[in-house]
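The values are calculated or read from the model by the stated rules, or taken from the named source; none is laboratory data. This is a predicted model, so every value here is computed, not measured. As a convention, Cβ positions derive from the backbone with ideal geometry for all residues, glycine included, and neighbour counts pool all protein chains shown. For accessibility, only protein heavy atoms count, side chains too; no ligands or nucleic acids. Shrake-Rupley method; radii C 1.70, N 1.55, O 1.52, S 1.80 Å.
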Amino acid sequence: MTPARRTRTAPSASTSGRSRKDRTLSLVVPMHDEAPALEALFGRLDEALGGLGLRLEIVCVDDGSRDDTLAQLVGRAAQDRRLRIVALSRNFGKEAALTAGLDAATGDLVVPLDADLQDPPELIGEFVDLWEQGYDVIYGVRTDRTSDTVAKRTSASLFYRIFNWLSDYPIPASTGDFRLMDRAVVEALKRLPERNRFMKGLFAWVGFRQVGVPYVRPARIAGTTAWGYRKLFRFALDGLTAFSTLPLRVWTMVGALAAVLALAAGVFLILRVLIVGRDVPGYASLMVVVLFGFALQMIALGVLGEYIGRMYQEVKGRPTYLVRERIGFED
Ligand code: UDP
Ligand code: MG
């Protein structure tokens, strides 16, 4: 595997004219029941980011936690002026929480980060160096997923393969939300009005000068993942339907093919009757054709349903998230 995938020729440092001097870095951390991880998280952030030479803003989005994540955050914010808290009115899911955080972040550089320290903050220094060289998006590429189960790794790699085959905007394999984005990129993301926030896909869609940095993804430091297989499957479907209409359009081809086969079978059957006479038995072949055709129609209907359901969501125009409280913001 190539270590850093450069999508374009490297912009040169001398021409980029970017400097971290007087810049603010916003960390955006979605949190759902992360109380056991907070102590370690803030300790690591101080260690890793203290010497970066950037002003720091930590936007914590409490995504309807049922433990005392929010209470702990509020306690910290009283001591720590870098801390901003966006408390959502309920659990909206990680993608929505991330969107809320990106909307609230004010920094020149923005980095979404998981609260469980699976995105090592030590990498951000390297991200900032690459930003100064002129890259707009610097994303982490997981080189080693041994911290995930075999089943999760296999399903993830299968998903990337299907996604990139179907979508016109491929997402680099083994990337997550962990990345550094220039303000311009964040503004571009904010202009995308869709409610289905498949962030990886949106990140790929906006373009800009992107570059990958390999890293090893460690295991969760505390707590458990909130992503069961059901949720991951929904997530995969959200991603696929948001970035490809091929599953919709393919039925024209399937239908055409079925029609050609049916025509051939029809001609064959008629000729056979004319030549060898009537042939009443045929229950098995009849059932196969009927059942198979029926199954195909059901699948096609199901695919339509997936898209129509999502169109319905978009058309209703409900906001992606609702904020109950904002703490630590100047306004
Ligand atoms: N998260 C969230 N809302 C949810 C589920 C998760 O904000 O409904 C946050 C969670 O607190 C963490 C991040 O999203 O900071 C990643 O979640 P997790 O570690 O459970 O996912 P995984 O690393 O297994 O993909
Ligand atoms: Mg995690």
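Listing for the model above:
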{"read-out": "Conditions (1) over 19 Å from Val186 (Cβ atoms); (2) open to solvent by 50 Å² or more (accessible area, probe 1.4 Å); (3) in contact (Cβ under 8 Å) with a residue 12 or more places away in the chain: number failed by Phe42", "value": "(2)"}
{"read-out": "Any chance Arg161 is surrounded by 13 or more Cβ atoms within 10 Å (Cβ to Cβ) and either not in a loop (DSSP other than H, G, I, E, B) or not polar (S, T, N, Q) (or both)", "value": "no"}
{"read-out": "Filter result for Gly50 (outside any loop (DSSP other than H, G, I, E, B), closer than 13 Å to Gly328 by Cβ and more than 13 Å from ligand 1 (Cβ to nearest atom))", "value": "no"}
{"read-out": "Spans of helices (runs of 4 or more DSSP H) in the stretch 190-302 with at least 2 residues more than 16 Å from ligand 2 (Cβ to nearest atom) and closer than 30 Å to Phe127 by Cβ", "value": "199-206, 229-243"}
{"read-out": "Count - residues of the stretch 87-120 that are within 14 Å of ligand 2 (Cβ to nearest atom), in a helix (DSSP H, G or I) and open to solvent by less than 10 Å² (accessible area, probe 1.4 Å)", "value": "2"}
{"read-out": "Conditions (1) over 29 Å from Gln313 (Cβ atoms); (2) within 16 Å of ligand 1 (Cβ to nearest atom); (3) not in a helix (DSSP H, G or I): number failed by Tyr135", "value": "(2)"}
{"read-out": "Residue in the stretch 68-85 that is open to solvent by 10 Å² or more (accessible area, probe 1.4 Å), within 16 Å of ligand 2 (Cβ to nearest atom) and either more than 25 Å from Asp238 (Cα to Cα) or not in a helix (DSSP H, G or I) (or both) present", "value": "no"}
{"read-out": "Selection status of Leu27, of a type outside the set (Lys, Arg), outside any strand (DSSP E or B), open to solvent by less than 10 Å² (accessible area, probe 1.4 Å) and within 17 Å of Leu180 (Cβ to Cβ)", "value": "no"}
{"read-out": "Among the candidates Val185, Val150, residue that is within 25 Å of Ala100 (Cβ to Cβ) and away from ligand 2 (no atom under 16 Å from the Cβ)", "value": "Val185"}
{"read-out": "Among the candidates Arg195, Arg179, residue that is open to solvent by 30 Å² or more (accessible area, probe 1.4 Å) and either farther than 22 Å from Arg82 by Cα or touching a residue at least 60 places away in the same chain (Cβ under 8 Å) (or both)", "value": "Arg195"}
{"read-out": "Pick from the stretch 30-39, criterion surrounded by fewer than 24 Cβ atoms within 10 Å (Cβ to Cβ) and within 24 Å of the chain's Cα centre (by Cα), ranking: modelled with the highest pLDDT", "value": "His32"}
